[in-house]
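What follows is calculated from the coordinates using simple rules that are stated; it is not laboratory data. Because the structure is predicted, anything quoted here is derived from the model rather than measured. When we count neighbours, we look across all protein chains shown, and the Cβ atoms used for this are built from the backbone with ideal geometry, even at glycine.
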Amino acid sequence: MPSVSVVILAGGQSRRLGQDKSLLLIDGQPLLARIVDTMRTLSDDLVVVTNDPERYAPYALPVRMVPDVRPGVGALMGLYSGLRAVRGEYGLVVGCDMPFLSLPLLRHLVSLAPGADVVIPRMDGKVEPLHAVYSQDCLPPMSRSLEQGHRQIISFFDEVRVRYVEKPEIDRFDPEHLSFLNVNTSQDWERVQERLTRF
């Protein structure tokens with residue numbers, strides 16, 4: 001397996017939800033802590049990108065907290081800031097609001113990293129940039145894209161080697177696609193709680 005670090009983006013404003021989604025409780029544990037526990041099995045180098053690290057201080061998470069290089073610019077800046085901070089050759093990137101991450105799928109993405117700069121799931125033409133692997137070689141094109149005022153993560157993809165992981169391949173590891181269920185609204189949170197009662 002290639003040398004991989006984990007980047008968890010926790011910089012969103014949670015405006016649509018109305019509360020900090022990274023601190024939503026699942027079995028008495030903040031959502032971010034649940035994600036950290038999952039990702040620790042994949043790497044011992046975990047980076048959380050946040051401009052407000054104090055809010056996580058009570059939880060003593062085994063992570064390094066790093067701020068955005070330039071706050072308020074969006075997810076591409078968060079990804080760039082996290083990837084700059086990792087020790088591994090690759091950064092496995094997830095959002096802080098994904099309670100049902102699949103370790104088999106994540107391991108599969110990492111296994112595909114050699115020979116690519118980005119390994120990213122794609123279903124029905126829609127990519128999942130906050131559930132993907134990025135190489136350190138992405139940093140220069142990311143920087144150029146940010147300098148040009150782009151905010152979309154995919155804005156630099158035409159400059160790098162992208163390995164898309166399509167639906168049939170995803171289905172082998174996560175047939176219900178629960179990995180990509182994230183919490184942006186109160187309806188999303190209800191869906192998550194509904195799923196939890198079924199486990």
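Brief remarks follow.
- Rounded to the nearest 20, the Cβ-based charge dipole of the chain about its Cα centre (Lys and Arg +1, Asp and Glu -1) stands at 140 debye.
- Extension gain for Ser111 to Leu181 (0.36 nm times residue separation, less C-alpha to C-alpha distance): 22.9 nm.
- Among 92-104, 42-54, the order from most to least packed when residues are scored by Cβ within 10 Å on average: 92-104, 42-54
- Inter-part distance, region 163-190 to region 85-135, computed on C-alpha centroids, equals 12 Å.
- All other residues whose Cβ lies under 14 angstrom from that of Gly115 are scored, Lys and Arg at +1 and Asp and Glu at -1, for a net of -1.
- For the chain, the 222 nm mean residue ellipticity estimated from helices alone, with every DSSP H stretch of n ≥ 4 adding -39500 (n - 2.57) and the total spread over all residues, rounds to -8000 deg cm²/dmol.
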